[in-house]
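Enquirer: Quick one: structure below, then a few questions.
The values are calculated or read from the model by the stated rules, or taken from the named source; none is laboratory data. Treat the numbers as computed from the prediction; the structure is a model and nothing was measured. All Cβ positions, glycine included, derive from the backbone under ideal geometry; neighbour counts span all protein chains shown.
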Amino acid sequence: MKRFVFFCFCLLAWNVDYAQQKYTPYVILVSFDGFRYDYVSKFNPPNFKEFINKGAAAEGMIPSFPSKTFPNHYTLVTGLYPGHHGLVDNSFYDPSLHKLYSMKDKSVVSDTAFYGGTPLWQLAQQQGIHAASFFWVGSEAPIKGMMPDYSLVYNEAVPNEERVNQTITWLKLPEEKRPHFISLYFSLVDSEGHKSGTNSDDLRKAVWKADSVLGYLVNQLNTVDLPVNIILVSDHGMYELKQEEATYIVLSKLYDATDTSIITSNGGTQAHIYTRKADSLYNVIKKQESHFKVYKRSTMPKAWHYNVPRAGDLLIVAEPGYYIQDKARAFGNLKSTAFGVHGYDPGVVKEMRGIFYAMGPNIKPGTIKPFENVHVYPFVAHILGLKTPAGIDGDFNVLKAYYKR
């Protein structure tokens with residue numbers, strides 16, 4: 001009898017453990033880079049519309065300043081503003097490291113010195129949960145000595161379906177190896193938005209291709225008997241400009257860019273200037289303000305959370321509709337060609353807003369008022385049962401109403 005009772009106890013314990021394994025939540029954080037908040041209503045992609053109808057959907061998600069790819073992807077997985085996590089732009093200079101960071105430079109992209117905060121994959125691993133990343137800013141650097149359990153070096157040429165297939169393969173691993181947090185990235189909408197602007201038929205086709213990718217992901221997840229939450233986000237929106245001379249602010253006309261005491265990192269919508277001549281150079285540029293503003297670091301708006309050395313001693317910020325270039329250029333036959341940019345102040349320029357759509361067993365359906373993207377981090381962490389680090393900028397209470405146990 002005692003053996004039978006012991007056997008029943010062990011069986012019950014195994015069943016409870018199995019149930020906990022099966023129903024411990026999963027989160028796939030999916031980024032469609034450059035997917036503007038109004039593209040669904042503008043282009044009517046069916047899978048996105050169905051996803052929104054079944055889940056929670058924000059009227060728009062507000063990026064952090066500047067509304068660029070690298071700063072905001074890293075904000076999404078750290079809950080910190082760019083000025084607090086360190087990636088203040090797609091490219092910038094670090095005066096203490098004496099290094100230029102550029103998203104196209106693999107040597108610095110994998111340099112942990114540039115990354116602050118605790119990314120979601122690392123937070124999960126620290127608390128006993130496996131994590132994977134099929135491309136995400138920061139996932140190629142061993143931040144605090146730790147990489148995601150599964151990750152890949154960024155390669156834009158990898159087909160989107162292959163990215164989905166690998167995600168499903170990870171979810172079909174044995175429980176002891178299976179990631180409960182996966183980040184997944186797609187660039188097709190952003191790439192086309194840059195090329196042809198926000199009103200082109202080519203962009204519509206790109207949005208519909210993204211829609212097919214979403215449909216494929218959802219269909220493939222039906223083959224996995226797991227409680228998976230899908231959160232769709234974008235890092236920023238897009239603003240259409242015209243390829244004509246009047247669009248551009250030319251740095252070489254504002255100051256002597258050949259002066260070796262001045263380091264400039266031009267991001268198009270902002271230009272970061274690092275120099276010991278900040279006061280005198282500020283006066284020179286200030287007198288020429290036209291369709292841009294120049295700031296000393298100490299005078300930058302507090303809402304930007306940008307008073308850090310990497311942001312520059314001076315910052316030139318273009319007005320919406322204008323773009324910064326290093327030197328004047330020839331335009332040829334391109335004067336009427338539209339193109340898309342981002343980076344403007346998301347607190348002012350609505351076109352910079354991205355998306356937040358969520359669906360799954362731990363998501364309450366509903367419409368969410370626009371909110372800042374720093375709040376995604378604690379929301380994902382809460383779904384996964386993770387404790388967030390002290391000092392993050394995000395607050396779970398912002399999205400608490402859309403969490404379901």
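Enquirer: Quick one: which of 251, 214 is under 19 Å from residue 156 (Cα atoms) and modelled with pLDDT of 95 or more?
Expert: Working: 251 fails: under 19 Å from residue 156 (Cα atoms).
Just one listed residue meets the conditions, 214.
Enquirer: I want to confirm something. Restricting to the range 24-68 and keeping residues that are hydroxyl-bearing (Ser, Thr, Tyr) and modelled with pLDDT of 95 or more, which single residue is surrounded by the most Cβ atoms within 10 Å (Cβ to Cβ)?
Expert: Filtering the range 24-68 down to residues hydroxyl-bearing (Ser, Thr, Tyr) leaves 24, 26, 31, 37, 39, 41, 64, 67.
From the residues that got through so far, the ones that are modelled with pLDDT of 95 or more too are 26, 31, 37, 39, 41, 64, 67.
Details: 26: 25, 31: 27, 37: 23, 39: 27, 41: 10, 64: 30, 67: 28.
In this case the residue turns out to be 64.
Enquirer: Report yes if residue 203 is buried (at least 23 other Cβ atoms within 10 Å of the Cβ), within 21 Å of the chain's Cα centre (by Cα) and over 30 Å from residue 384 (Cα atoms), otherwise no.
Expert: On the way: buried (at least 23 other Cβ atoms within 10 Å of the Cβ): yes; within 21 Å of the chain's Cα centre (by Cα): yes; over 30 Å from residue 384 (Cα atoms): yes.
Yes.
Enquirer: For the range 307-332, give me each residue that is of a type in the set (Phe, Trp, Tyr) and modelled with pLDDT under 95.
Expert: Taking the range 307-332 and keeping what is of a type in the set (Phe, Trp, Tyr), we get 322-323, 331.
331, the sole residue that qualifies.
Enquirer: Also, I was wondering about something else. Hey, among 161, 192, which residue is assigned to a helix (DSSP H, G or I), charged (D, E, K, R) and in contact with a Lys or Arg (Cβ under 9 Å, 6 or more places away or on another chain)?
Expert: Working: 161 fails: in contact with a Lys or Arg (Cβ under 9 Å, 6 or more places away or on another chain).
Testing whether each residue is assigned to a helix (DSSP H, G or I), charged (D, E, K, R) and in contact with a Lys or Arg (Cβ under 9 Å, 6 or more places away or on another chain) leaves just 192.
Enquirer: Here is a check on your reading of the model: is residue 401 farther than 18 Å from residue 120 by Cα and either of a type in the set (Gly, Ala, Ser) or not assigned by TED's automatic domain parsing to the domain that holds residue 78 (or both)?
Expert: Numbers: farther than 18 Å from residue 120 by Cα: yes; either of a type in the set (Gly, Ala, Ser) or not assigned by TED's automatic domain parsing to the domain that holds residue 78 (or both): yes.
When the stated conditions are applied, residue 401 passes them.
Enquirer: Is at least one residue of the range 357-366 over 30 Å from residue 197 (Cβ atoms), free of Cβ contacts under 8 Å to residues at least 40 places away in the same chain, crowded, with 17+ Cβ neighbours inside 10 Å and not assigned by TED's automatic domain parsing to the domain that holds residue 292?
Expert: no
Enquirer: Oh, and also: Among the residues of the range 189-205, are any touching an Asp or Glu at 6+ places or on another chain (Cβ under 8 Å) and within 30 Å of residue 130 (Cβ to Cβ)?
Expert: Yes, because at least one residue in the range 189-205 is touching an Asp or Glu at 6+ places or on another chain (Cβ under 8 Å) and within 30 Å of residue 130 (Cβ to Cβ).
Condition check ((1) over 30 Å from residue 36 (Cβ atoms); (2) at pLDDT 95 or above; (3) outside the structural domain of residue 326 (by TED's automatic domain parsing); (4) part of a strand (DSSP E or B)) across all residues:
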position: 236; (1), (2), (3), (4): no, yes, yes, no
position: 259; (1), (2), (3), (4): yes, no, no, no
position: 265; (1), (2), (3), (4): no, yes, no, yes
position: 268; (1), (2), (3), (4): no, yes, no, no
position: 271; (1), (2), (3), (4): no, yes, no, yes
position: 274; (1), (2), (3), (4): yes, yes, no, yes
position: 279; (1), (2), (3), (4): yes, yes, no, no
position: 282; (1), (2), (3), (4): yes, yes, no, no
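Enquirer: Give me the pairs: first residue in the range 39-66 and under 22 Å from residue 343 (Cα atoms), second residue part of a helix (DSSP H, G or I) and among the aliphatic types (A, V, I, L, M), beta-carbon distance under 7 Å, and six or more apart or on different chains, which are they?
Expert: Here the result reads 39/207; 40/52; 63/352; 64/374, each pair linking the range 39-66 to a residue that is part of a helix (DSSP H, G or I) and among the aliphatic types (A, V, I, L, M).
Enquirer: Of all residues in the range 169-198, which are within 25 Å of residue 122 (Cα to Cα) and either within 20 Å of the chain's Cα centre (by Cα) or surrounded by 15 or more Cβ atoms within 10 Å (Cβ to Cβ) (or both)? So that I can check it myself, show each step before the final result.
Expert: Taking the range 169-198 as the starting set, the residues that turn out to be within 25 Å of residue 122 (Cα to Cα) are 169-187.
Residues satisfying the conditions are 170, 171, 178, 179, 180, 181, 182, 183, 184, 185, 186, 187.
Enquirer: Then there's this: Can you pull out every residue in the range 266-300 that is surrounded by fewer than 16 Cβ atoms within 10 Å (Cβ to Cβ) and of a type in the set (A, V, I, L, M)?
Expert: Result: 284, single match.
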